[in-house]
């Protein structure tokens, strides 16, 4: 009796993986910021940034997540041409996000109420978004430089997005009270997912997954160790003083 086997298309499986990762990230961002941003009218009593600046800030960062899903969808549909064209706009958006991210972090650190939903002294917590943005810029720049190598490019772009995902994870219902170690750990599950994918499809970790993921993970306890030091607090006071 003949046995029927179904061949698995590795390229199609890869496209499904990256599209699935992008959608999962989108879901986390939506749920995390639903009460304070996306569904704000339905949660009038939930704390939200009082400054109008954060509407622009939120739209820019949300646009990046939508761009990630769109780019993955273009590749899955075989429209690499559209993927490349939209990538140029993505580079400009990333630059705008860096400016908005740094400015927004300084505003939040300077206000008496600190970062919305984050029960950590604001000057101490400032190191978290600053490190996130530094990693984001590094991964995006590397992804752009290596855009001719799809395997490197897509992993670097995914790690860039994961590096700024902690803000949404920290605001998932009931999670903020657990503090940075909890939302760092949950964010790292996305890095683990890339690692598992690498092992299943390559038999080893891709260098970007290994070194990029390691840099992101190692940065987390370093932030916790540095955030309460007088050196960091002096810098944070100086930096927040620049915005008046």
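Collect the residues in the range 201-223 that are in a helix (DSSP H, G or I) and buried (at least 17 other Cβ atoms within 10 Å of the Cβ), keeping them in residue-number order.
Pass one, the range 201-223, residues in a helix (DSSP H, G or I): 201-202, 207-223.
If the condition is that a residue be in a helix (DSSP H, G or I) and buried (at least 17 other Cβ atoms within 10 Å of the Cβ), then 208, 209, 212, 213, 216, 219, 220, 223 are the ones that fit.
Residue 119 passes all but one of (1) over 19 Å from residue 63 (Cα atoms); (2) in contact (Cβ under 8 Å) with a residue 24 or more places away in the chain; (3) in a helix (DSSP H, G or I); which number fails?
(3)
(1) over 24 Å from residue 209 (Cβ atoms); (2) surrounded by fewer than 18 Cβ atoms within 10 Å (Cβ to Cβ): which one isn't true of residue 118, the others all being true?
Residue 118 satisfies every listed condition except (2).
Taking the options 213, 228, name whichever one is more than 24 Å from residue 156 (Cβ to Cβ) and out of contact with any strand residue (DSSP E or B) (no Cβ under 6 Å at 6 or more places or on another chain). First the steps, then the outcome.
Details: 213 fails: more than 24 Å from residue 156 (Cβ to Cβ).
Exactly one residue qualifies, and that residue is 228.
Matching residues to (1) closer than 20 Å to residue 163 by Cβ; (2) part of a helix (DSSP H, G or I); (3) within 17 Å of the chain's Cα centre (by Cα); (4) touching a residue at least 60 places away in the same chain (Cβ under 8 Å):
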{"position": "26", "(1), (2), (3), (4)": "yes, yes, yes, no"}
{"position": "64", "(1), (2), (3), (4)": "yes, yes, yes, yes"}
{"position": "68", "(1), (2), (3), (4)": "yes, yes, yes, yes"}
{"position": "75", "(1), (2), (3), (4)": "no, yes, no, yes"}
{"position": "90", "(1), (2), (3), (4)": "yes, yes, yes, no"}
{"position": "107", "(1), (2), (3), (4)": "no, yes, no, yes"}
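For the range 171-190, state whether one or more residues are in a helix (DSSP H, G or I), without any contact (Cβ under 8 Å) to a residue 12 or more places away in the chain and either buried (at least 19 other Cβ atoms within 10 Å of the Cβ) or touching a strand residue (DSSP E or B) at 6+ places or on another chain (Cβ under 8 Å) (or both).
no
Within the range 16-39, identify whether any single residue is out of contact with any helix residue (DSSP H, G or I) (no Cβ under 8 Å at 6 or more places or on another chain) and closer than 23 Å to residue 200 by Cβ, and answer yes or no.
Yes, the range 16-39 contains at least one residue that is out of contact with any helix residue (DSSP H, G or I) (no Cβ under 8 Å at 6 or more places or on another chain) and closer than 23 Å to residue 200 by Cβ.
Collect the residues in the range 125-163 that are buried (at least 22 other Cβ atoms within 10 Å of the Cβ) and in a loop (DSSP other than H, G, I, E, B), keeping them in residue-number order.
Once the filter is applied, which keeps residues that are buried (at least 22 other Cβ atoms within 10 Å of the Cβ) and in a loop (DSSP other than H, G, I, E, B), the range 125-163 yields only 126.
Count, please, the residues in the range 43-62 that happen to be part of a helix (DSSP H, G or I), under 19 Å from residue 166 (Cβ atoms) and over 16 Å from the mean Cα position of the chain (by Cα). Before the answer, list the steps.
Within the range 43-62, the first condition is being part of a helix (DSSP H, G or I), and the residues that meet it are 53-62.
With under 19 Å from residue 166 (Cβ atoms) added as a condition, the list becomes 54, 57-58, 60-62.
Still in the list and also over 16 Å from the mean Cα position of the chain (by Cα): 54.
The number of residues fulfilling the criteria is 1.
When you scan the range 28-50, do you find a residue that is buried (at least 19 other Cβ atoms within 10 Å of the Cβ) and at pLDDT below 90, even just one?
Yes, the range 28-50 contains at least one residue that is buried (at least 19 other Cβ atoms within 10 Å of the Cβ) and at pLDDT below 90.
Check whether at least one residue in the range 10-24 is part of a loop (DSSP other than H, G, I, E, B), out of contact with any strand residue (DSSP E or B) (no Cβ under 7 Å at 6 or more places or on another chain) and surrounded by fewer than 18 Cβ atoms within 10 Å (Cβ to Cβ), and report yes or no. It would help to see each step written out before you state the result.
If we filter the range 10-24 for residues that are part of a loop (DSSP other than H, G, I, E, B), which is where we start, we get none.
No, the range 10-24 contains no residue that is part of a loop (DSSP other than H, G, I, E, B), out of contact with any strand residue (DSSP E or B) (no Cβ under 7 Å at 6 or more places or on another chain) and surrounded by fewer than 18 Cβ atoms within 10 Å (Cβ to Cβ).
Which residue, of 100, 82, is out of contact with any strand residue (DSSP E or B) (no Cβ under 9 Å at 6 or more places or on another chain), surrounded by 17 or more Cβ atoms within 10 Å (Cβ to Cβ) and more than 21 Å from residue 31 (Cα to Cα)? Let's see the steps before the verdict.
Details: 82 fails: surrounded by 17 or more Cβ atoms within 10 Å (Cβ to Cβ).
Answer to the selection: 100.
The values are calculated or read from the model by the stated rules, or taken from the named source; none is laboratory data. This is a predicted model, so every value here is computed, not measured. Neighbour counts are summed over all protein chains in view; Cβ atoms, including those assigned to glycine, are modelled from backbone coordinates with ideal geometry.
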